[in-house]
Structure formats: C-alpha cells, structure tokens
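> Have a look at this one.
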Amino acid sequence: MNNGEQGDNGWLLQPAPGEDRVTVMLAAFEGWNDAGEASSQALKYLHRLWDAKRVGVIEPDEYYDFQFTRPEVRLTSTGGRKIKWPVTKIAKAAIPGTKIDVVLVHGIEPSYRWRAYTAEILAKAAALNVSHVVLLGSLLADVPHSRPLPVTATCDDDVLAERLDLEASSYEGPIGIVGVLNEVALLAGLPTISLWAAVPHYVAQAPSPKAELALLNRIEDYLHVPLSTDEMADDAQAWERGVNDLAEGDPEIAAYVKQLEEAKDTAELPEATGESIATEFERYLRRRGHEKP
C-alpha cells in the first residue's frame, strides 16, 4: 500500500471548473480513533496555525452517554463556573497565500446514532461548500519509536485514488466514527482520503508528538501548503529521547525495540528510502518558497 508518498501529481485539491477557491474539510475525533491523541492534536495545531474561527457546533444531547463522556465544570475568567459540554466544534479558515479554505471538525466519538451524527456533519459541510474531505486518525501498532512513524493513506474514491496513486482500504473488522464518516462522505459524492498515523503501542500514552508531526507532514503533502512545524519537530525529538531513556532502563523494552528496528530496517527498500528523501526535499522547497518576500 502506498503510504502517502507522492510527487507533483499527488495533489489532493483541484478546483472545479469555474471555481476560484477550494474548501476541504479536515476531521478528527477523540477516543478510539485517536491513539496518543495524535490526530486530535494535529487538528488543534492547524486550528491555531490558521487562526480558524468557529462557525458552528453539533450539540451533544442526542449523541452521547454523559455517564461515559462526562461534561466538565470550568472556572471562567471572572471567577464563575461554567459547564463545558462535549460539543463537536466546526471552525473555518482561509490558508494564507493560497486559494484553499479549510473546515476543521473536532469532536469526541459519539455513543449513539452515528448515522444521524455523520449526516449532520455532512449537512454542515454542504452549507460551507466543502468539496474534499481529509479524515485523520491514529492507531497503536508494532512500530519502533526510533524510526519515522508511518502514515497510511487510503482512498475509496476510484478517480481520486488513481490520481493520488492510493489504494482502497483492505481492512475488515470493527471501525470507529472515522470509518463511518468516510463511507457517508463518499456516498454524498465527496472525494475523501483517510490518513492514519501509527503510534508505538509500548508508548501509547499522550502526547505523541512524533505521530502528530507525521500526520502534519502528510497534510502538507496533500494540500501542497507549507506548515511551520519546527516547534513540533523539537517536541518530537525530545519525545524520542525520553523514550530512549525509558528503553535503556528496561532490558525487555530495549530488546523489543531492537527487534522492531531490525524488522523495520529489513522491510525498508532503497526505493522507499529514496521516495522519503525526495518528499522531504519537496517540503523543504515549499517552505523556502513560502518564506521568500
């Protein structure tokens, strides 16, 4: 399966004839689809980066078991108390220097009525002129923390999959709200891709900045926009050093990590390594071009 590496032809967004701007929806959900909170944190990063403004919410009453997903009480700036309910937030932003608008959907995986929930998301997407969908997820996997964390990109839209050199997902088994939204979006005629970052299962606790960075890099590739990820890269390196220290203090973990590293290095073909280097160089050129006056 292609893991999301592509050249100049692998551009997700192509404006419709006569259209000046493109609107893409990026969605992530906390819970089962969000190992290490990598996908939800990546979406929050983009929200801050692009200064997205809230344009809507999906109210929680019909979709959540509040004994499982409990509301929280918070102190306000004036010293009062306010209950924070698990609403699904919908925000919009224009990516500076581009003709791309983004709609960011961030929520918690609901307890009930998933079909009605996803239909409500798509109704709001239609009202905001969304033309493409990118779904973010992260999952626990047998991957070493000391190697680049893979991001699997899949697409069930035949035309888009051919253009991006992607394959449909071959997974069978239980799915989360991301999988349901993927199917519903495709039924609505929206070209959709899913990006899933692998999080080492032996360091599953949040945060997981290296997996978050891997997702952001793939978003950068597909949208062809430069992302300022230097701070995130520093966090990822610090996280990796911390896990190294943890492994050095536990011989069993150290032996297991070494086994994963050997398996990963054996599976890596020279061609794949070359593609990775080429993709990273393309990101560098985009960022340099963006920084020029």
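> Here are some residues: V130, V151. Which one is β-branched (V, I, T), over 30 Å from D20 (Cα atoms) and either within 17 Å of the chain's Cα centre (by Cα) or surrounded by 14 or more Cβ atoms within 10 Å (Cβ to Cβ) (or both)?
Only one candidate passes the filter, namely V151.
> Look at T229 and say whether it is touching a Phe, Trp or Tyr at 6+ places or on another chain (Cβ under 6 Å), within 19 Å of L26 (Cα to Cα) and of a type in the set (S, T, N, Q).
Details: touching a Phe, Trp or Tyr at 6+ places or on another chain (Cβ under 6 Å): no; within 19 Å of L26 (Cα to Cα): yes; of a type in the set (S, T, N, Q): yes.
Considered against the rule, which asks whether it is touching a Phe, Trp or Tyr at 6+ places or on another chain (Cβ under 6 Å), within 19 Å of L26 (Cα to Cα) and of a type in the set (S, T, N, Q), T229 comes out as no.
> Kindly evaluate T192 against the criterion of being buried (at least 16 other Cβ atoms within 10 Å of the Cβ), polar (S, T, N, Q) and free of Cβ contacts under 8 Å to residues at least 60 places away in the same chain. Walk me through how you get there before you give the answer.
Working: buried (at least 16 other Cβ atoms within 10 Å of the Cβ): yes; polar (S, T, N, Q): yes; free of Cβ contacts under 8 Å to residues at least 60 places away in the same chain: no.
Taking the combined requirement at face value, the residue does not satisfy it.
> Also, I was wondering about something else. When you go through P148, P174 one by one, which is the residue that is more than 27 Å from E262 (Cα to Cα) and in a loop (DSSP other than H, G, I, E, B)? Before the answer, list the steps.
Working: P148 fails: more than 27 Å from E262 (Cα to Cα).
Result of the check over P148, P174: P174.
> Assess whether A247 counts as being within 25 Å of the chain's Cα centre (by Cα) and either surrounded by 12 or more Cβ atoms within 10 Å (Cβ to Cβ) or at pLDDT 60 or above (or both).
Numbers: within 25 Å of the chain's Cα centre (by Cα): no; either surrounded by 12 or more Cβ atoms within 10 Å (Cβ to Cβ) or at pLDDT 60 or above (or both): yes.
Answer is no for this residue.
> May I pose another question? What about S228, is it over 22 Å from S40 (Cα atoms) and surrounded by fewer than 20 Cβ atoms within 10 Å (Cβ to Cβ)? Walk me through how you get there before you give the answer.
On the way: over 22 Å from S40 (Cα atoms): no; surrounded by fewer than 20 Cβ atoms within 10 Å (Cβ to Cβ): yes.
No, not satisfied.
> Which of the residues spanning region 214-225 are crowded, with 18+ Cβ neighbours inside 10 Å and either within 27 Å of R21 (Cβ to Cβ) or without any contact (Cβ under 8 Å) to a residue 24 or more places away in the chain (or both)? First the steps, then the outcome.
Taking region 214-225 as the starting set, the residues that turn out to be crowded, with 18+ Cβ neighbours inside 10 Å are 214-223, 225.
Within region 214-225, L215, L216, N217, R218, I219, E220, D221, Y222, L223, V225 qualify.
The values are calculated or read from the model by the stated rules, or taken from the named source; none is laboratory data. Computed from a predicted model, the values in this text were never measured in an experiment. Backbone-built Cβ (ideal geometry, glycine too); neighbour counts: all protein chains shown.
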